[in-house]
Amino acid sequence: MGCRSLERYNCLGISLLAFGATVTPFFYFIMSNVPLTALGVSIMILGAVMALTPINPVPKPAVRGLLEGAMLSLEGLLEELDLSERGYYVAHEDGLVYVYVPSSKAEPPNVDSKPRSLVVELKGQPYLVLIPPASALAREYPSTSLEDAVSTVLVDLAELCSGVRVAKGPGYIRVELKRPRGRRAPSRFKRVLGSLEACVTACLAASALKRPVYVSSEVEEKGWRRVTLEVA
């Protein structure tokens, strides 16, 4: 991984640091939950370490491991708040992708500006707003070709799979991943954000299309995983 890739790695660290700094006060002062407060502090520490990483090559398994670690952290938050509805991936003007998780079944959110709190209310529907593991990476790969962006991140950067095929249709994107290698997503995370590979793909799609997307389905078939994203 060269200097440019390292910058993306540092950006991911900054995103984790910002996310930890956002949720920790919420856990401590609003929820009075000590375990989740400790989790928030841990995310901040991890983000700080990543952000301050010196300019040296970072092994691909390490990048994959960091994404998996972020996935497990979000699983704990979703479990604690008992959320299980599909999340909507939305790109904002700052280049980051956020996931809006409704408390109950809801239509895709119509959002004009980036969220300023962990919980927002849109048309009477409360949403938990999360920064998904690949949010900063989506900002760093604004490729005009979604297939190129997905291949670069999933295959070249994180080695989460060995090959990618992308097909677009009216209102959907179908992504086929060859030999996915990521850690099996915990049940709550998978219901809300999809598998780790699907989560990364949805981040990149939302960033490229500038429209909300969500993970509609995932099917395993003979060494391939077929991920279908619905475009709102």
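In terms of its alpha-carbon gyration tensor, the stretch 140-231 comes out rounded; the largest-to-smallest axis ratio a/c stays below the 1.5 threshold. Placing R0 at 30 angstrom, the Cβ-Cβ distance between V219 and S113 gives a FRET efficiency of 0.25 after rounding to 0.05.
For the set K168/K222; K114/K222; K123/K178; K60/K105; K60/K210, the pairs lying more than 30 angstrom apart at their alpha carbons are K114/K222; K123/K178; K60/K105. The residue list G95, V120, L83 was ranked by how far each Cα lies along the charge dipole of the stretch 83-123 toward its positive end, using unit charges on Cβ atoms, and L83 comes out on top. Once both labels are positioned 7 Å from their Cα atoms along Cα-to-Cβ, the gap between N33 and K168 label points is 3.8 nm.
Working from label points 7 Å from Cα in the Cα-to-Cβ sense, the S84 to A21 distance is 3.6 nm.
Helix-only estimate, please: 222 nm mean residue ellipticity of the chain, summing -39500 (n - 2.57) across DSSP H runs of length 4 or more and dividing by its residues, to the nearest 500. Mind dumping the intermediate values first?
On the way: 7 runs with 95 residues, N = 232.
Mean residue ellipticity, 222 nm, calculated: -13000 deg cm²/dmol.
Note the full-extension length gain between D148 and L72 as 0.36 nm times their separation in residues minus their Cα-Cα distance, in nm to one decimal.
Values: separation 76, 0.36 × 76 = 27.36 nm, distance 2.71 nm.
Gain on extension, D148 to L72, equals 24.7 nm.
Going from the fewest other Cβ atoms within 10 Å to the most, the residues Y100, Y172, Y141, Y89 appear in the order Y172, Y141, Y100, Y89.
P(r) for the chain, from all Cα pairs and a bin width of 5 Å, is 1, 7, 15, 20, 22, 17, 11, 5, 2, 0 %, short bins first.
The relative contact order of the stretch 140-231, computed from alpha carbon pairs under 8 Å that lie at least 6 residues apart in sequence, is 28 percent. Count charges around N110 for me, please; just the other residues with Cβ under 13 Å from its Cβ, Lys/Arg as +1, Asp/Glu as -1. Local net charge: -1.
Pull up the DSSP beta bridges for the chain and report the antiparallel fraction as a percent, rounded to 5. Don't skip to the answer; put the middle values down first.
Numbers: 35 of 35 bridges.
The antiparallel fraction comes to roughly 100 percent.
The numbers here are math on the coordinates, done by the rules we state, and not lab data. Treat the numbers as computed from the prediction; the structure is a model and nothing was measured. So basically every Cβ, Gly included, is an ideal-geometry build from the backbone, and we count neighbours across all protein chains shown.
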